[in-house]
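Structure first, then comments.
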Amino acid sequence: MMVTLATSVVWAVGLFVVAALSVMLGVYLERKVAGHMQARLGPMRTGPHGIAQTLADTVKLLFKEDLIPGKVDRLGFIVAPLLAFAPALMSLMVIPYARPFVPRDLNAGVLYFLAVPAIGVIAVMVAGLSSANNYSLLGGLRSAAQLISYEIPRSLSVLSVVMLAGSLSTVTILERQTHVWFAVLTPIGFALYIITTIAELNRTPFDLPEAEAELVGGYHTEYSGLRWAFFMMAEYAGFFAASAFGAAVFLGGGNGPLLPPIVWFVIKTYAIILFMMWVKWTVPRFRIDQVMTLSRKVLIPVALLNLAVTAVVMQYV
Amino acid sequence: MLMSQRDAGDLIFILGFALVGVAAPAALLFIGRWLRPSSPGKVKMEPYECGLPQASPPRRLFRIRYYAFALLFVIFDVETVLLFASAPVLKRFGAAGLWSVGAFVALVTLALVYAWRMHLLEWE
């Protein structure tokens, strides 16, 4: 009992460090990729090619005043950032990085990975409701509607892999991909996973919850300093987790020739991350009605069709 | 016994992660207390509305139009959960399993078609 708990805490602290580093790298890459795609340089001043920019920003945030506006509902306002970050860290638990970096092989790992980040939706709603600010409230409500809309096609897209692998364990799914990736066997499932993940992460073209041109900052308008940083950390840690999960479940994770597994894993994860950044700085933002109907009228039917075809082919071919 | 040793271990593991997930940011906030300044002011404590005084407080009744969306979400979410239970063992039950799960999915899809026809999928 105590040994398991201690092991788990050690893993969690280790992954907290990994998450923090991947957040810093993620933010740095985001600014650099955005810069170069728009024919400018991005951060250049702090360290060579601005490599230490995010580190400097992190230290700055630590020294910022912790402002809690007067009209907010204090309990909700204080709990929301913690509630947003915890699920992001928890979702890192079931990802089979590369042996021996497998924190825990849950027998329902896939279901866990899809269910736990959904707690973040509640954090977003609590933040929006407790802020006593019109922009926060609208951002929070939009978020809730969008996130629950894309949850279903996202689960259905991963379900095709579960069917092919015959298991809900992420480790078993990884082992079934030694010869051929599941992205090859169910390309539509993989495409759906990428699209719905972009929507779940509130990234452009689906970034309506914090559409800065119309909602200031969305649900975190009233947040500043460290508390705001936790929302940012949750977002980028979730970004890393979703990409790592995609790499493990669809792209064969650490499987690959010559290089050690962990290198392959990092390459595949960052390939997905960079692809999503590429999309972010290429496609303009959708309208809210387009976002909502896309999920219901296109993604769910396509996902169901994909499942049906996969099941029938699996049975009879 | 309700739970195997392994399942109990899994739950403890999840608990450990949840603890660190909440404790680590909380600890950072606590440490930051000695580093950051604090000088609250009357204007600073006002809700942020781009520099103007707040036009109207958000705590009032207004229509959010989520009823049909939320209802459909529940239907499809339950469908997904049931599919997650049957998907890993689908192959083991052969054609009979495939067609009975297929019939269930077809029924729920019928509900989607109905909702589509009733214009419940559109965002007003």
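Bear in mind that the values in this text are calculations on the coordinates, not laboratory data. All values derive from a computational prediction rather than experimental measurement. In this analysis, Cβ positions are derived from the backbone assuming ideal geometry, glycine residues included, and neighbour counts consider all displayed protein chains.
Report the normalised scattering of region A:66-316 as log10 I(q)/I(0) at q = 0.10, 0.15, 0.16 Å⁻¹, calculated by the Debye formula with identical scatterers on the alpha carbons.
-0.49, -1.04, -1.15
Once Lys and Arg get +1 and Asp and Glu get -1 on their Cβ, which of A:A115, A:F206, A:G217 lies farthest toward the positive end of the dipole of chain A?
Of A:A115, A:F206, A:G217, it is A:F206.
Out of every Cα-Cα pair in region B:66-110, what percent are more than 15 Å apart? Mind dumping the intermediate values first?
Values: 489 of 990 pairs.
Roughly 49 percent, rounded to a whole number.
Can you tell which of A:S143, A:F77, A:A183 lies farthest toward the positive end of the dipole of region A:66-316, using +1 and -1 charges on the Cβ of basic and acidic side chains (Lys, Arg; Asp, Glu)?
About the Cα centre, the residue reaching furthest to the positive side is A:A183.
Work out the P(r) tail for chain B: percent of alpha carbon pairs separated by more than 21 Å, whole number. Write out the running numbers ahead of the final one.
On the way: 5623 of 7626 pairs.
Result: 74 percent of Cα pairs exceed 21 Å.
For chain A, build the charge dipole from Cβ charges (+1 Lys, Arg; -1 Asp, Glu) around the Cα centre, then report which of A:S131, A:H36, A:T54 sits farthest towards its positive end.
Ranked along the dipole, the leading option is A:H36.
Taking Cα atoms of region A:236-284, Rg/Rh with Kirkwood Rh, to two decimals?
Numbers: Rg = 11.6 Å, Rh = 11.1 Å.
Checking Rg against Rh, the ratio lands at 1.04.
Under a Cβ-only charge scheme (Lys and Arg +1, Asp and Glu -1), can you give me the dipole magnitude of chain A about the Cα centre, in debye to the nearest 20?
Values: 21 positive and 16 negative charges, 80 e Å.
For chain A, the charge dipole is close to 380 debye.
Would you please put A:34-43, A:139-148 in order of how densely packed they are, using the mean number of other Cβ atoms within 10 angstrom per residue and starting with the highest?
Details: A:34-43: 13.0, A:139-148: 23.5.
So the peptides A:34-43, A:139-148, ranked by packing, come out A:139-148, A:34-43.
Give me the Å³ per residue figure for the convex hull around the C-alpha atoms of region B:32-74. Walk me through the intermediate numbers first.
Values: hull volume 7.6 nm³, N = 43.
So the per-residue hull volume is 177 Å³.
Can you give the Rg to Rh ratio for the protein assembly as shown, taking only C-alpha atoms and Rh from Kirkwood? Before the final figure, lay out each step's value.
Details: Rg = 22.3 Å, Rh = 23.0 Å.
A ratio of 0.97.
Which of A:G238, A:G120, A:G76 moves the most in a Gaussian network model of chain A with Cα springs under 10 Å?
Comparing A:G238, A:G120, A:G76 in a Gaussian network model of chain A, the most mobile one is A:G76.
With helices defined as uninterrupted DSSP H runs, which ones in chain A have an alpha carbon span along their own long axis of at least 15 Å and mean Kyte-Doolittle hydropathy of at least -0.5?
Working: long enough: A:2-37 (50 Å, 1.47); A:74-91 (27 Å, 1.65); A:119-130 (17 Å, 2.44); A:134-165 (46 Å, 0.82); A:187-200 (19 Å, 1.43); A:225-250 (37 Å, 1.18); A:261-280 (29 Å, 1.62); A:300-316 (24 Å, 1.73).
The qualifying helices are A:2-37, A:74-91, A:119-130, A:134-165, A:187-200, A:225-250, A:261-280, A:300-316.
Averaging sequence separations of C-alpha pairs under 8 Å and six or more residues apart, then dividing by the length of chain A, give the relative contact order as a whole percent. Let's see the in-between values first.
Numbers: 451 pairs, mean separation 73.4, N = 317.
With pairs under 8 Å counted, the relative contact order is 23 percent.
Partner chain Cβ atoms within 10 Å, averaged over the residues of A:218-228 - can you pull that number for me?
Numbers: counts 0, 0, 0, 4, 2, 0, 2, 3, 8, 3, 0.
Mean partner shielding for this stretch: 2.
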